[in-house]
Amino acid sequence: MLTGMEERPARTRDHTPVVQGLALVGALAAVMWVVEAVDQAAGGRLDRHGIQPRDADGVDGVLWAPFLHDGFQHLIGNTVPFLLLGVAIALGGLARVAAVTVIVVLVGGLGTWLVAPDNTIHIGASGVVFGYAAYLVARGAFSRSLAQIALGLVVAVVWGTTLLRGLVPETGISWQGHLFGAIGGVLAAWLLHRRRVRATAPATAA
């Protein structure tokens with residue numbers, strides 16, 4: 001039957017950003033495993049490319065440290081929470097999880113580079129894990145969304161003890177990376193919330 005108007009297809013929600021966000025989290029975890037396999041074959045020589053506090057040659061470790069681990073046990077301990085928390089953030093889309101990751105890595109890494117003890121090397125994705133967890137908790141506080149507050153409470157209940165224990169100074173543990181990673185997560189939640197508020201605020205007439 002012919003009509004005078006073309007039938008418009010039903011509008012469907014585009015899930016592409018979410019799929020891309022999940023793919024990014026999975027890809028980052030996969031790179032960690034590939035790098036550790038190469039590092040094991042190289043006798044652990046890649047670990048020297050971690051964060052070396054206040055050493056100009058070691059500042060590039062801010063970018064490499066999250067992909068370097070002290071063995072597969074260390075890597076497994078970080079991979080599980082990294083994936084779980086990363087997936088929770090990635091449900092907000094590629095742009096969100098990418099922005100949170102970049103902010104957490106830079107703040108966590110540079111903070112560690114500035115304040116950690118001399119003659120130490122800091123590696124591992126635990127700073128990113130702390131940042132992800134802090135972001136999810138802080139996001140609910142800023143947004144006042146019941147769903148996000150509930151998710152933040154779940155994160156606090158499940159990982160709260162581990163997070164607090166990870167901030168206690170302990171030999172062989174980069175508590176500085178944990179602390180500044182968490183600070184980066186809170187900062188990311190604040191910055192992204194402000195951007196969202198500005199984007200949704202009604203324009204005012206001059």
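The values are calculated or read from the model by the stated rules, or taken from the named source; none is laboratory data. As the structure is a prediction and not an experimental result, all values here were calculated from the model. When we count neighbours, we look across all protein chains shown, and the Cβ atoms used for this are built from the backbone with ideal geometry, even at glycine. Surface accessibility is based on the protein's heavy atoms, side chains included, excluding ligands, DNA and RNA. Shrake-Rupley method; radii C 1.70, N 1.55, O 1.52, S 1.80 Å.
Summary of values
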| read-out | value |
| --- | --- |
| Which listed residue is part of a helix (DSSP H, G or I) and either at pLDDT below 95 or among the acidic types (Asp, Glu) (or both), from 152, 127 | 152 |
| Exclusive hit being of a type in the set (Gly, Ala, Ser) and within 22 Å of residue 35 (Cα to Cα), set 140, 152, 131 | 131 |
| Verdict on residue 114 being under 13 Å from the mean Cα position of the chain (by Cα) and in a helix (DSSP H, G or I) | no |
| Scope segment 50-102; condition under 11 Å from the mean Cα position of the chain (by Cα) and closer than 12 Å to residue 125 by Cβ; matching residues | 66, 81, 82, 83, 85, 86, 101 |
| Some residue of segment 111-125 being open to solvent by less than 40 Å² (accessible area, probe 1.4 Å), touching a residue at least 24 places away in the same chain (Cβ under 8 Å), closer than 22 Å to residue 191 by Cβ and aliphatic (A, V, I, L, M) | yes |
| Qualifying residues in segment 39-95 (those that are aliphatic (A, V, I, L, M) and part of a loop (DSSP other than H, G, I, E, B)) - the one surrounded by the fewest Cβ atoms within 10 Å (Cβ to Cβ) | 42 |
